Amino acid sequence: MEKLHVDFAGMRFPNPFILASAPPTRTAEMIKRAFAAGWGGAVTKSIALEPAKDLQPRLRSLRYRNQPIGMENIELSTTWTLEDWRREISEIKSAYPRRPLWASIMEAPVKKNWQRLAEAIQETGVDALELNVSCPHGMPSKGMGAFIGQNAELTGEVVSWVKEVAKVPLVVKLTPNVADIAFIAQAAKEHGADALCTVNTVSGLIGVDLDTLAPLPAVGGVSTYGGYSGPGIKPIALRCVAQIARATGLPVSGSGGVAAWEDAVEFMAVGAGTVQIATAVMWHGYGIIENLVQGLARYLDEKELPDATSIVGAALAKLVEFPKMPLEPRVLAKVDETCNGCLRCVVACRDGGFQAISGVAGERAAVDAEKCDGCGLCALVCPRSSIAMTSCS
Ligand SMILES: Cc1cc2nc3c(=O)[nH]c(=O)nc-3n(C[C@H](O)[C@H](O)[C@H](O)COP(=O)(O)O)c2cc1C
């Protein structure tokens, strides 16, 4: 598995898969189990000078056909003290001295607090500090998390304070909940960030209970905005990674909706040197590392790529501003013989498109080439992948 090694901000990872700061990195015992399972690195649950007191319950899923497809949390930083974490980190580092372990730290914008926290944590032998200036819920009302990361000036200031005392690389974890993430990323870079991570969770409101009309997750009958994670945020995360990788040229750790090795390849292609995962591990356990590692290794072999690093940024040259998008080639929908006449494409094209597809139940649908506008709606609603968008020429 030598070809899965990645170098990131001066650290060598056995593979690019890192446990993101979240419940799976809550204790030394958990992180050591994850390392034993093969994870390439880990970021501790965010540590602050004061331990937090968590709400119960604090998780809620968005479901489709009774399966979770997204998750919102209103969890805060760690409920442990700084001393607890100094002990836990030392324990992990003595068991796994060469496996990169980052400590996530967060505070309100008070210089002496950030510096005290950074100094106390780095003494434990941690490999990097990840500055959480991106948590969108709970912490911002205390001047922490996204309160800082939504303000370029404040972000720069905090990074420069920690940089003054840092003896290890600084990874700045950015929020997607901003108008221009590249602008914030630039501020982090200018003030001393060695690497960036994005995205933290997307600010959301997961739902409302139909019986009580209380927003969810309800705690004593009330709720608040939370942080949305999992597969649904992947497009937002990919966009953010691409934007900050391009704008800064810094190493980027990509996070947001990674659940399979294919997702990781996509993140790496748009500029992520490593990928971080939280929700998929919470849903399926540390064991997913096996498929992640094997899938990525197989992909590299099949594509005859020398190593994982060769993927990093490979898609960026093909990512252009809208005015540079070509009007050619034109495409048309083509239905193949696997069509079973379910008529979903007919309905979609009739009411959401160009009335270009006709058919009767149980028979292969037919495309009117004169009317088809090549939008691709029929192909995406087809449950059997029986429709392809093919070149007109
Ligand atoms: C329950 C939960 C708690 C989290 N706690 C933290 C945290 O303490 N610090 C942090 O930087 N990010 C935290 N995150 C955000 C994750 O690290 C990650 O950036 C985000 O969930 C997107 O990745 P995912 O889609 O793989 O979950 C948390 C996420 C979840 C789901």
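The values are calculated or read from the model by the stated rules, or taken from the named source; none is laboratory data. These numbers were taken from a predicted model, which means no experiment stands behind them. Quick reminder, even Gly has a Cβ in these numbers, built from the backbone with ideal geometry, and neighbours come from all protein chains shown.
Show the residue pairs meeting these rules: Cβ distance below 9 Å; 6+ apart or different chains; first residue within the range 286-300 and over 23 Å from ARG26 (Cα atoms); second residue in a helix (DSSP H, G or I) and of a type in the set (S, T, N, Q).
Listed pairs, sorted by first residue: LEU300/SER310.
Could you identify the single residue in SER160, SER134 that is out of contact with any His (no Cβ under 6 Å at 6 or more places or on another chain) and of a type in the set (S, T, N, Q)? Talk me through it step by step, then tell me what you get.
Values: SER160 fails: out of contact with any His (no Cβ under 6 Å at 6 or more places or on another chain).
From the options SER160, SER134, the qualifying one is SER134.
Restricting the first residue to the range 50-72 and requiring it to be without any contact (Cβ under 8 Å) to a residue 24 or more places away in the chain, which pairs with a second residue that is of a type in the set (S, T, N, Q) meet a Cβ separation below 9 Å and a spacing of at least six or different chains?
Short answer, once both residue conditions are applied: GLU50/SER77; GLU50/THR81; GLN67/SER61.
Which fully enclosed strands (runs of 3 or more DSSP E) of the range 1-50 have 3 or more residues being under 20 Å from the mean Cα position of the chain (by Cα)? Walk me through it before giving the result.
Numbers: elements: 6-8, 11-13, 17-19, 41-43.
Qualifying strands (runs of 3 or more DSSP E): 6-8, 17-19, 41-43.
Mind counting the residues in the range 1-22 that are surrounded by fewer than 16 Cβ atoms within 10 Å (Cβ to Cβ) and under 18 Å from GLY287 (Cα atoms)?
Number satisfying all stated conditions: 1.
Check off (1) surrounded by fewer than 24 Cβ atoms within 10 Å (Cβ to Cβ); (2) more than 10 Å from the ligand (Cβ to nearest atom); (3) of a type in the set (Gly, Ala, Ser) for ALA259 and give me the number that stays unchecked.
(2)
With the requirement that a residue be more than 12 Å from the ligand (Cβ to nearest atom), over 17 Å from GLY41 (Cβ atoms) and in a loop (DSSP other than H, G, I, E, B), what does the range 57-99 give you?
If the condition is that a residue be more than 12 Å from the ligand (Cβ to nearest atom), over 17 Å from GLY41 (Cβ atoms) and in a loop (DSSP other than H, G, I, E, B), then ARG65, ASN66, THR81 are the ones that fit.
So which of GLY295, GLY287 is at pLDDT 95 or above and under 24 Å from ALA269 (Cβ atoms)? Talk me through it step by step, then tell me what you get.
Numbers: GLY287 fails: under 24 Å from ALA269 (Cβ atoms).
Just a single option satisfies the conditions, and that option is GLY295.
Do we find a residue being assigned to a strand (DSSP E or B), among the β-branched types (Val, Ile, Thr), in the same structural domain as VAL171 (by TED's automatic domain parsing) and over 22 Å from ILE74 (Cα atoms) anywhere in the range 245-253?
For the range 245-253, residues assigned to a strand (DSSP E or B), among the β-branched types (Val, Ile, Thr), in the same structural domain as VAL171 (by TED's automatic domain parsing) and over 22 Å from ILE74 (Cα atoms): present.
Going through ALA195, ALA218, ALA182 one at a time, which residue ends up being under 14 Å from ARG60 (Cα atoms) and away from the ligand (no atom under 12 Å from the Cβ)? Working first, answer last.
Numbers: ALA195 fails: under 14 Å from ARG60 (Cα atoms); ALA182 fails: under 14 Å from ARG60 (Cα atoms).
Step by step, each of ALA195, ALA218, ALA182 is checked, and only ALA218 is under 14 Å from ARG60 (Cα atoms) and away from the ligand (no atom under 12 Å from the Cβ).
Please work out if GLU130 is modelled with pLDDT of 95 or more, on the phi < 0 side of the Ramachandran plot, more than 16 Å from the ligand (Cβ to nearest atom) and of a type in the set (Asp, Glu).
Numbers: modelled with pLDDT of 95 or more: yes; on the phi < 0 side of the Ramachandran plot: yes; more than 16 Å from the ligand (Cβ to nearest atom): no; of a type in the set (Asp, Glu): yes.
Against the criterion (modelled with pLDDT of 95 or more, on the phi < 0 side of the Ramachandran plot, more than 16 Å from the ligand (Cβ to nearest atom) and of a type in the set (Asp, Glu)), GLU130 does not qualify.
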